[in-house]
Amino acid sequence: MIRERRRQVRYYERFQVEDALTFFNGQLIQARSPDGARVLLQEIKLVRPLPPGAQEMLGFIHHPHLLSVLDVIVEQDVVVLVHPIFSGEPLPLVVNREQPMPPSQAVNLFRKLIQTQADLAEFSIPMWTTLDPRNICLYDDEPFVLFCGLKNFTTQPKEDQRKSLLYFLLAGEHPKNVMYRRQDLSKSIRKVPPPIRHLALDILNHDDSLDEILRKTDETLSQLPQKMKASSRSNRYKRRLSPAATAAASLLILGASAGTYSAATSGILSEEVQPAEGPQKPEVQETFQFNKEEVAVRKLSEKVPFSARIEGEVIRQTASPFSVRLASPDGTSCGINVDKQGKVRLFQHQDENLHELQQSDDSFRMKAGRAYRVELLYFSGDPLRISVEDRENNQKWVAVGTIPLDKGGRVEVEGSKGTVFRSAQVTAVAREDKAKQKWMDSQRWKLLSGEGTLDKERFFLDGNAIIKARSGRDTDFAFRRDQGYTGDPLKLQLESADGSRYYVVWGKDKRLVLYREGEEEKALAETKLGWTPDRKTDVSVLTQGSLLTVRLNQDTQSQSLEYSHSEPITIRNTTITSQSDLELSSH
């Protein structure tokens, strides 16, 4: 039921309002547009009129951790942002005292949200948001803030809760609750790795600027083991609620007043839908032809937003070096470099040091005279993703960086005589999940770390790599190794819906074992299975009720691991870790 409004505004006449929720300094309203599409209206109360041109500037708002903006309505003393319907999961529903967030995941999520606050302050019309957990939801491993305000034009909360967020994620409760019980703050997070624990307490006890918090967080991240960094990229939180439901449920959980919202009678809570693409600016394509022997640098005219795809087609008539990079104002750059031999590298230049993050093996080389499609996929706060596609051979080399990028900047193209980079463009990305899926050629795999080559239905990985299969109740795939491989055949991490992790290890000693994280000495199931490295092995991960089954089959040999849990079990994520060459395919 919609509560009586204190004032009438004309934009209500354009929409069929279904439900509303008061939150912070405005309302979130579920409605239908005149064409019947379901939308979300974020109404923000203004304390003074907006300047000329503000409505148009707000229409171009785009950030990977904000809801897309379809339209902007300015009327009387309010501004209304029209968003597509969005599904997510409220942070207070998934983080609590019994189930805090894993430390490495918590510090990475915290960093993304702090960077979001810093980015909002740099908008054409500076904006703010609060990091109150009720204002945060999760969707496909990414955090989103719901409510935002306009600096100097809307009332801001006295505290934006940036100081307490990391502690909340690690402890599962607000630090004020701990102090109210007269308990030591460090006791609730005593099991958290020391660098992250010290960071949470340090931020809680100091009034640091956003830049200082980011500096401290990066320093902490650099101290974490590589294994911990990789595990933080796998998210266990997958329920889907609309953002209005997110805020409503959060208000109830965190103890909002009883008369504020009634979840039991709300139609908002029944929605479960996917986010839609927002409108995008027209694309501008450019062509750069290098005619001189000396190496030259050209810049694309379009600036890179907070989330973007940078793409184009390169032809090198001679075996000359070539580079496409994203260059930030602070001198940092990251991108693709091709040497005279055609080897492709993902590099990052930072603090006057050049870091080679990934490189292609001998199976993928860029040949002179052939056209290749180049793509850089940039999301603020994420490592850069790149690809080089050889359409003639249906091969695509993909790689993921290791260092998060915060600010975009401009795209620089470097080449010399005989090189052409054509159809170059920068496109804002509204749906990160869809963009990542397209980057992987819609294959079932998600490359989290490392590099490899996509070839139709196969994925060839070279060296250290971490790959996650798309979420689903059951998972099946096939793999093979090189003939001379002498290491362990396979290592899997299975992540269940309740956050538990199971590991499947098939050792070179033919031992096949299943165990739960933290209980390595206690096998849940074990058997023996021999194998031949260069023969295809089929793998199936199945769940039925409380039964988990892992089945492996190579030629005429077959074995299964079975584990019966005390409660129903659902595997949400299957992650493969490999330290050497690996070929993945469908059954």
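Laid out as a table, the results:
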| item | result |
| --- | --- |
| Matching residues, region 530-577, being among the acidic types (Asp, Glu) and either open to solvent by less than 50 Å² (accessible area, probe 1.4 Å) or farther than 25 Å from Asp362 by Cβ (or both) | Asp538, Asp555, Glu562, Glu567 |
| Per-region count, region 357-382, residues under 17 Å from Asp581 (Cα atoms), touching a Phe, Trp or Tyr at 6+ places or on another chain (Cβ under 8 Å) and open to solvent by 10 Å² or more (accessible area, probe 1.4 Å) | 1 |
| Some residue of region 510-524 being loosely packed, with under 15 Cβ neighbours inside 10 Å and within 30 Å of Trp397 (Cβ to Cβ) | no |
| Region 295-317, residues that are at pLDDT 90 or above and over 29 Å from Pro404 (Cα atoms) | Ile315, Arg316 |
| Residue satisfying all of: in region 133-153; part of a loop (DSSP other than H, G, I, E, B) and open to solvent by 10 Å² or more (accessible area, probe 1.4 Å); nearest to Arg197 (Cα to Cα) among these | Asp141 |
| Hey, Val107 in contact with a strand residue (DSSP E or B) (Cβ under 8 Å, 6 or more places away or on another chain) and either open to solvent by less than 10 Å² (accessible area, probe 1.4 Å) or part of a strand (DSSP E or B) (or both) or not | no |
| Residue count, region 383-407 (criterion: open to solvent by less than 10 Å² (accessible area, probe 1.4 Å), closer than 15 Å to Thr332 by Cα and touching a Lys or Arg at 6+ places or on another chain (Cβ under 8 Å)) | 1 |
| Residue ID - nearest to Phe460 (Cα to Cα), chosen from residues in region 416-444 that are assigned to a loop (DSSP other than H, G, I, E, B) and without any contact (Cβ under 8 Å) to a residue 24 or more places away in the chain | Gln443 |
| One residue from Thr116, Thr130 being in contact with an Asp or Glu (Cβ under 7 Å, 6 or more places away or on another chain) and either without any contact (Cβ under 8 Å) to a residue 40 or more places away in the chain or buried (at least 20 other Cβ atoms within 10 Å of the Cβ) (or both) | Thr130 |
| Ala428 vs. criteria more than 23 Å from the chain's Cα centre (by Cα), among the aliphatic types (A, V, I, L, M) and open to solvent by 10 Å² or more (accessible area, probe 1.4 Å) | no |
| Test: residue in region 297-312 that is touching a residue at least 60 places away in the same chain (Cβ under 8 Å), surrounded by fewer than 23 Cβ atoms within 10 Å (Cβ to Cβ), more than 29 Å from the chain's Cα centre (by Cα) and within 30 Å of Ile61 (Cβ to Cβ) | yes |
| Subset of region 517-527 [more than 17 Å from Lys491 (Cβ to Cβ) and out of contact with any Phe, Trp or Tyr (no Cβ under 7 Å at 6 or more places or on another chain)] | Glu521 |
| Residue list for region 158-170, restricted to those being part of a loop (DSSP other than H, G, I, E, B) and surrounded by 15 or more Cβ atoms within 10 Å (Cβ to Cβ) | Asp160, Gln161 |
| Answer from Gly487, Gly499 - the residue that is open to solvent by less than 50 Å² (accessible area, probe 1.4 Å), among the small types (Gly, Ala, Ser) and over 30 Å from Lys343 (Cα atoms) | Gly499 |
| Any hit, region 209-221, residues being part of a loop (DSSP other than H, G, I, E, B), modelled with pLDDT of 85 or more and surrounded by fewer than 17 Cβ atoms within 10 Å (Cβ to Cβ) | yes |
| Checking Ser580 against (1) out of contact with any Phe, Trp or Tyr (no Cβ under 7 Å at 6 or more places or on another chain); (2) among the hydroxyl-bearing types (Ser, Thr, Tyr); (3) surrounded by 13 or more Cβ atoms within 10 Å (Cβ to Cβ), the condition it does not meet | (1) |
| Strands (runs of 3 or more DSSP E) lying entirely in region 24-100 (those with 2 or more residues that are open to solvent by less than 40 Å² (accessible area, probe 1.4 Å) and in contact with an Asp or Glu (Cβ under 7 Å, 6 or more places away or on another chain)) | 26-32, 78-84 |
| Selected residue (criterion: modelled with the highest pLDDT) from residues of region 340-356 that are part of a strand (DSSP E or B) and open to solvent by 10 Å² or more (accessible area, probe 1.4 Å) | Arg345 |
| Residue in region 89-115 that is nearest to His65 (Cα to Cα), counting only those that are of a type in the set (A, V, I, L, M, F, W, C) and at pLDDT 90 or above | Leu113 |
| Total residues in region 454-484, condition open to solvent by 10 Å² or more (accessible area, probe 1.4 Å) and over 22 Å from Ile571 (Cβ atoms) | 13 |
| Cross-chain or 6+ apart pairs with Cβ under 9 Å, region 559-571 first and on the phi < 0 side of the Ramachandran plot and modelled with pLDDT of 85 or more, then among the β-branched types (Val, Ile, Thr) and not in a strand (DSSP E or B) | Tyr563/Ile569 |
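Residue-by-condition table, conditions (1) farther than 30 Å from Gly484 by Cα; (2) part of a strand (DSSP E or B); (3) over 26 Å from the mean Cα position of the chain (by Cα):
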position	(1), (2), (3)
Glu562	yes, yes, yes
Arg572	yes, yes, no
Ile576	no, yes, no
Leu584	no, yes, no
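Rundown of residues vs (1) within 23 Å of Ala465 (Cβ to Cβ); (2) assigned to a strand (DSSP E or B), yes/no style:
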{"residue": "Glu302", "(1), (2)": "no, no"}
{"residue": "Ser323", "(1), (2)": "no, yes"}
{"residue": "Gly331", "(1), (2)": "no, no"}
{"residue": "Gln358", "(1), (2)": "yes, yes"}
{"residue": "Ala368", "(1), (2)": "no, no"}
{"residue": "Val374", "(1), (2)": "yes, yes"}
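The values are calculated or read from the model by the stated rules, or taken from the named source; none is laboratory data. Quantities reported herein were computed from a predicted structural model and do not represent experimental measurements. All Cβ positions, glycine included, derive from the backbone under ideal geometry; neighbour counts span all protein chains shown. For accessibility, only protein heavy atoms count, side chains too; no ligands or nucleic acids. Shrake-Rupley method; radii C 1.70, N 1.55, O 1.52, S 1.80 Å.
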